Amino acid sequence: MNILGISAHYHDSAAALLVDGLPLASVQEERLSRRKNDAAFPMAAIEWCLDHAGLELDALDAVVFYERPMLKFDRVLSCLLRSFPHSRHAFARAMKNLLGEKLWMRGIIASELGVPGSKIFFTEHHQAHAAAAFLTAPTERAAILTADGVGEWATLTIGHGAREKGGGTTINLGREIRFPHSLGMLYAAFTAYLGFAVNEGEYKVMGLAAYGQPSMVDKVWRTVRRTPDGAFALDLDYFEFQSTAARSYSQRFVDLFGPPRSPYDPIDFETEDGRRFADIAASVQHVLEDLLVDIARSLHEETGLSDLCLGGGVALNGVANTRILQASGFERVFVPPAPGDAGCALGAALYADRICFGNSDRAFPDHPFWGPSIAPDDLVRLADEDGLATDYVDDGELIEMTADDLAAGQIVGWMDGALELGPRALGHRSILAAPHSAAIRDRLNRDIKYREEFRPFAPVVPAEEAGRFFELPRGEDRLARFMSGVFPVREEWREQLAGVTHVDGTARVQALSKEMAPRLYALLEAYGRRTGVPVLLNTSFNLAGEPIVNNVVEGYSTFRRSGIDILIAGQNRLARSRKRREHIRQEQSA
Ligand SMILES: [Fe+2]
């Protein structure tokens, strides 16, 4: 059975193809269109998935969309009418949006793809999140918690799932919290208040939190409260997202926390405002964690299960995930590589396959590499056109050379095999560097990633060695597999890992297992033989504001436009000449 899953029209569209219950391909539209967080109907992603599988559109048995448009329409309409006439501008915009695209999804899919309406299905948004979390995890029974901004009505669901190898699958999301009460919206309101882009800047709030003290938790608790049934409710006087798209927090919110940060002002921790913003970030992070831990703890008590699968955009908050692992009673916490809406394409297809069509369970391959593969020879051609020489190097030698380069302080663009699904570079599209030096970290921030200095870089380490350098709680391996947790760097290693240690002494570690990315694993070992520390700084291969590179052309263009010293595509190696490197540095320091 060939099932195509689609997520679209909110942010981060994606497509996924399931053939006889197993994933064959999945990619985010932004990686192909090169528009970051592209929310358009993912035509390019769909075409690539089908091409990759050698299937024509008429070979599809089902096309599954990741939410129910009518339910979403119901929610938007209800909320806007409730706050009319205050919401009249938002009303006009939302009607245009919904009537133009979202509501008529079946018709749009049918006409875009030329498939009959009878083959088009819908899952609920949080069913797709839950399936993406549970059905991709190597566990047969688990509690499930999904949390995001909002889908149709649900913003958080809890329940449990069971699957039997070769047998049936159940996902039971027994309870939900509904819009406008939403952890994602709460965090998003603070993200906007702190001057960052919503749906993108949440990472920055988490990074900023480490610089502050949670001295304003009392104030944050005025905007949200626990309810007697174990859930939570926002005090809507502090928010406006429920009635307008123009602003997510209200004047009362500003009266409580002070003037918001302008997105154009740098954050300076020497100033009172800089410290206030960091303290606010720390406070909302703290409250988010407390609420999630409470909900997860009662879910653990209720289900008695040892595994928890987390889905939804809130599961990208690695600090909160680690606290859930430590404090909720679950022994293992699973977060997929793409817990957000992009992963819902895969989740919707899996949900339809196992639950709607009742197909037997299949073990899901335990890696994130479902996108297009690189064509390494493209690098030779592109470099040649620019008069640059590449080297084709035997794999063993290439690993050793690259380890030498990294140990000498060079920054390496690393492209290998198929593209990752989800926002994180997990070994195939990475910028790598030595982890010991704060100077290299600052150079990366300044010359390559062009981003705020308070944002930390992450380390990658062989899974077997992770405990030597990082304080890992019991059951951490699943969180560290896809960089979904944040853990303390051991005191004695902090100096040697200064480039990847955040200001609060933590790191968002990827503990790499050999079978997942064997070439990067070999590189870590080779680097460890030289330095005694088999750890590298690993950041996604992209410049600020651009999606992660997909093919070699994009990798090469990024290399030419940035301060990356060496570019590796498969077994091809391109080094920037020393002269050119010096020239770039002089230009940048001028
Ligand atoms: Fe979502």
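The values are calculated or read from the model by the stated rules, or taken from the named source; none is laboratory data. Since the model is a prediction, treat every value here as computed from it, not as a measurement. Cβ sites come from the backbone with ideal geometry, for glycine too, and all protein chains shown count toward neighbours. Ligands, DNA and RNA are excluded from the accessible area calculation, which covers all protein heavy atoms including side chains. Shrake-Rupley method; radii C 1.70, N 1.55, O 1.52, S 1.80 Å.
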- Message: Anything in segment 1-22 that is away from the ligand (no atom under 16 Å from the Cβ) and open to solvent by 10 Å² or more (accessible area, probe 1.4 Å)? List them, or say none.
- Response: 1, 2, 19, 20, 22
- Tally, over segment 129-166, of residues that are in a strand (DSSP E or B), in contact (Cβ under 8 Å) with a residue 40 or more places away in the chain and either of a type in the set (A, V, I, L, M) or away from the ligand (no atom under 12 Å from the Cβ) (or both): 12
- Message: Please verify whether residue 233 is within 16 Å of the ligand (Cβ to nearest atom), touching a residue at least 24 places away in the same chain (Cβ under 8 Å), open to solvent by less than 40 Å² (accessible area, probe 1.4 Å) and farther than 23 Å from residue 485 by Cα, treating the condition exactly as stated.
- Response: no
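Just to check your reading of the model, which residue among 366, 378, 353 is open to solvent by less than 10 Å² (accessible area, probe 1.4 Å), of a type in the set (D, E, K, R) and farther than 15 Å from residue 160 by Cα?
Working: 366 fails: open to solvent by less than 10 Å² (accessible area, probe 1.4 Å); 378 fails: open to solvent by less than 10 Å² (accessible area, probe 1.4 Å).
So the residue among 366, 378, 353 that is open to solvent by less than 10 Å² (accessible area, probe 1.4 Å), of a type in the set (D, E, K, R) and farther than 15 Å from residue 160 by Cα is 353.
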- Query: When segment 456-482 is examined, which residues are found to be assigned to a strand (DSSP E or B) and of a type outside the set (Gly, Ala, Ser)?
  - Reply: 459, 460, 461, 462, 470
- Close pairs from segment 451-476: first over 17 Å from residue 501 (Cα atoms) and without any contact (Cβ under 8 Å) to a residue 60 or more places away in the chain, partner assigned to a loop (DSSP other than H, G, I, E, B) and open to solvent by 50 Å² or more (accessible area, probe 1.4 Å), Cβ under 9 Å, at least 6 apart: 463/514; 464/514
- Determine whether residue 276 is more than 19 Å from residue 210 (Cα to Cα) and surrounded by 14 or more Cβ atoms within 10 Å (Cβ to Cβ). no
- Query: Got at least one residue in segment 182-197 being more than 12 Å from the ligand (Cβ to nearest atom), open to solvent by 10 Å² or more (accessible area, probe 1.4 Å) and more than 30 Å from residue 262 (Cβ to Cβ)?
  - Reply: no
- Query: Considering 373, 430, which residue is more than 27 Å from residue 530 (Cβ to Cβ), among the polar types (S, T, N, Q) and either touching a helix residue (DSSP H, G or I) at 6+ places or on another chain (Cβ under 7 Å) or more than 16 Å from the ligand (Cβ to nearest atom) (or both)?
  - Reply: 373
- Message: Checking the structure you have, find out if any residue of segment 334-345 is in contact with a strand residue (DSSP E or B) (Cβ under 9 Å, 6 or more places away or on another chain) and charged (D, E, K, R).
- Response: yes
- Message: Looking at residue 305 and the list (1) outside any loop (DSSP other than H, G, I, E, B); (2) in contact (Cβ under 8 Å) with a residue 24 or more places away in the chain, which single condition is not satisfied?
- Response: (1)
- Task: Go through segment 236-253 residue by residue and tally those that are under 29 Å from residue 451 (Cβ atoms) and either in contact with an Asp or Glu (Cβ under 7 Å, 6 or more places away or on another chain) or exposed (fewer than 14 other Cβ atoms within 10 Å of the Cβ) (or both).
- Result: 5
- Of the residues in segment 548-557, those that are buried (at least 22 other Cβ atoms within 10 Å of the Cβ) and of a type outside the set (A, V, I, L, M) come to 550, 555, 556
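Mind telling me which of the residues 418, 408, 375 ends up being out of contact with any Asp or Glu (no Cβ under 6 Å at 6 or more places or on another chain) and without any contact (Cβ under 8 Å) to a residue 12 or more places away in the chain?
Working: 418 fails: without any contact (Cβ under 8 Å) to a residue 12 or more places away in the chain; 375 fails: without any contact (Cβ under 8 Å) to a residue 12 or more places away in the chain.
The unique qualifying residue is 408.
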- Selection over segment 422-461 where residues are at pLDDT 85 or above, open to solvent by less than 10 Å² (accessible area, probe 1.4 Å) and of a type outside the set (Phe, Trp, Tyr) yields a count of 17
- Note: among 329, 318, 311, just one is under 24 Å from residue 68 (Cα atoms) and either among the polar types (S, T, N, Q) or at pLDDT 95 or above (or both), namely 311
- Give 517, 511 a once-over and let me know the one that is touching a residue at least 60 places away in the same chain (Cβ under 8 Å) and buried (at least 21 other Cβ atoms within 10 Å of the Cβ). 517
- Could you look through segment 323-333, keep only residues that are touching a strand residue (DSSP E or B) at 6+ places or on another chain (Cβ under 8 Å) and open to solvent by 10 Å² or more (accessible area, probe 1.4 Å), and pick out the one that is nearest to the ligand (Cβ to nearest atom)? 332
- Task: Working only within segment 402-444, note down all residues that are under 19 Å from residue 367 (Cα atoms) and among the aliphatic types (A, V, I, L, M).
- Result: 415, 418, 419, 421, 425, 426
